[in-house]
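**Q** The following block contains the structure, expressed as structure tokens.
Read-outs throughout are calculated quantities, based only on the coordinates presented, and are distinct from any laboratory measurement. Here the structure is a predicted model, which means the values were calculated and not measured. Cβ: placed from backbone, ideal geometry, glycine included. Neighbour counts: every protein chain shown.
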Amino acid sequence: MFNKKIVSIVLLSITTSYTYAKLPTPNSPTMQTQQTEQKLGSVNQSYSSITESTQKKYQEEQAARWGVTEQEWQKFEEIKKGPRGYWSPNLDPLTTLGIEAETDAERQKYAELQVKMEFERVEKELAYQRAYTAAFKRLYPNRLPVENLGKAKVTNDSMSVATSQRLSVFIKQNCATCDKQVKDLQKTNVNFDIYMIDSNNDDSVIRKWATKTGITPQKVLSKSITLNHGSKLWKTVGNDSIPLPATFQEVNGQLVRSK
């Protein structure tokens with residue numbers, strides 16, 4: 001009986017020692033690895049929470065800016081991932097939601113929102129244009145203002161189906177037929193934009209040519225005629241096989257050559 005107790009005590013002591021030996025110490029590699037994994041997990045969770053919070057704040061701000069709900073903004077982002085995002089990559093949120101609207105009520109809602117926003121935008125731009133024109137007249141009363149890039153844009157995103165009555169006329173220096181066409185156009189009531197393709201972005205070149213063809217500062221300041229450097233735009237809409245002068249009209253947001 002006594003021997004059995006000794007054996008039991010010895011076995012218990014061995015088992016306890018083995019158990020303690022298996023437990024990692026605070027400074028052991030195993031314990032350090034576990035602590036590192038716990039810290040990384042905590043950091044990743046915090047980073048994920050910050051990212052979600054930032055994205056949510058961005059969606060809320062954008063939705064408020066465009067006058068839609070957060071859910072509508074999320075719908076817009078989803079639409080951009082589909083075919084519409086490929087067809088019209090730069091389409092604004094209201095137009096996108098309006099085109100993809102599922103009911104007449106939704107379509108009408110987005111149309112009204114866009115009309116209001118466009119009206120406010122145009123009012124601001126016109127107010128600034130009036131201030132700019134007044135400043136130019138005051139500072140340079142006898143100079144012809146030259147547009148750096150011009151108003152015409154070549155784009156596939158415009159939803160307008162209207163044809164602009166305003167003409168875009170591409171000309172070059174030392175071109176008698178160019179000069180004649182511009183002089184003839186001034187005798188009509190048509191407004192037009194001049195694009196000189198070989199001005200080398202030198203305003204004085206266009207001003208000198210405009211003076212020679214009878215274009216006055218009043219016509220330019222009133223925007224009935226604009227003067228533009230046109231080399232970049234000509235590379236987009238023209239080529240060497242097209243003789244100058246070349247006249248274009250804006251149709252559906254694109255410049256189309258007039259016959």
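**Q** Points 7 angstrom from Cα along the Cβ direction at THR216 and ARG257: gap in nanometres?
**A** So the two model labels end up 3.5 nm from each other.
**Q** Return the long-range amide H neighbours of ASN191 (sequence gap of 5 or more, or a different chain), with a cut-off of under 5 Å between placed amide H atoms.
**A** So ASN191 has HN proximity to LEU167.
**Q** Please compute the modelled spin-label separation between GLN186 and TYR128, points set 7 Å along Cα→Cβ, answer in nm with one decimal.
**A** Simple spin-label model gives 3.1 nm for this pair.
**Q** Given H placed on each backbone N at 1.01 Å, which residues far from ALA246 in sequence or on other chains put an amide H within less than 5 Å of it?
**A** For ALA246, the qualifying residues are PHE170.
**Q** How large is ³J(HN,Hα), in whole Hz, for each residue of region 54-60 in order, when computed from phi with the Karplus curve 6.51 cos²θ - 1.76 cosθ + 1.60 and θ = phi - 60°, using x for Gly and Pro?
**A** 5, 5, 5, 5, 4, 5, 5
**Q** Here is a further query. Does region 74-127 classify as rounded, prolate or oblate by the C-alpha gyration tensor (a ≥ b ≥ c root eigenvalues; a/c under 1.5 gives rounded; else a/b over b/c gives prolate, otherwise oblate)?
**A** Details: a/c = 3.17, a/b = 1.53, b/c = 2.07.
Oblate is the answer for region 74-127, as a/c is 1.5 or above yet b/c matches or exceeds a/b.
**Q** Same structure again: Along the Cα→Cβ direction, 7 angstrom out, place labels at GLU78 and LYS223. What is the inter-label distance in nm?
**A** If labels sit at GLU78 and LYS223, their model points lie 4.0 nm apart.
**Q** Sorted by mean Cβ packing within 10 Å, highest first, what order do the peptides 98-106, 241-249 take? Kindly include the intermediate steps, with their values, before the conclusion.
**A** On the way: 98-106: 12.4, 241-249: 15.4.
Ranking the peptides 98-106, 241-249 by packing returns 241-249, 98-106.
**Q** Please sort 194-204, 114-124, 60-70 by packing, taking for each peptide the average over its residues of neighbouring beta carbons within 10 angstrom, highest first. Working shown, then result.
**A** Details: 194-204: 18.3, 114-124: 11.7, 60-70: 14.5.
Per-residue mean Cβ counts within 10 Å order the peptides as 194-204, 60-70, 114-124.
**Q** Would you mind counting up the charge near GLN59? Only other residues with Cβ under 14 Å from its Cβ, with Lys and Arg at +1 and Asp and Glu at -1. Present the calculation step by step, with values, prior to reporting the outcome.
**A** Working: positive: LYS56, LYS57, ARG65, LYS75, LYS80; negative: GLU52, GLU60, GLU61, GLU70, GLU72, GLU77, GLU78.
Neighbourhood net charge equals -2.
**Q** Calculate, in nm to one decimal, what ALA176 and TYR140 gain on full extension: separation in residues at 0.36 nm each, minus their alpha carbon distance. Intermediate results must be reported in sequence, preceding the final value.
**A** Values: separation 36, 0.36 × 36 = 12.96 nm, distance 2.93 nm.
The ALA176-TYR140 span can extend by a further 10.0 nm.
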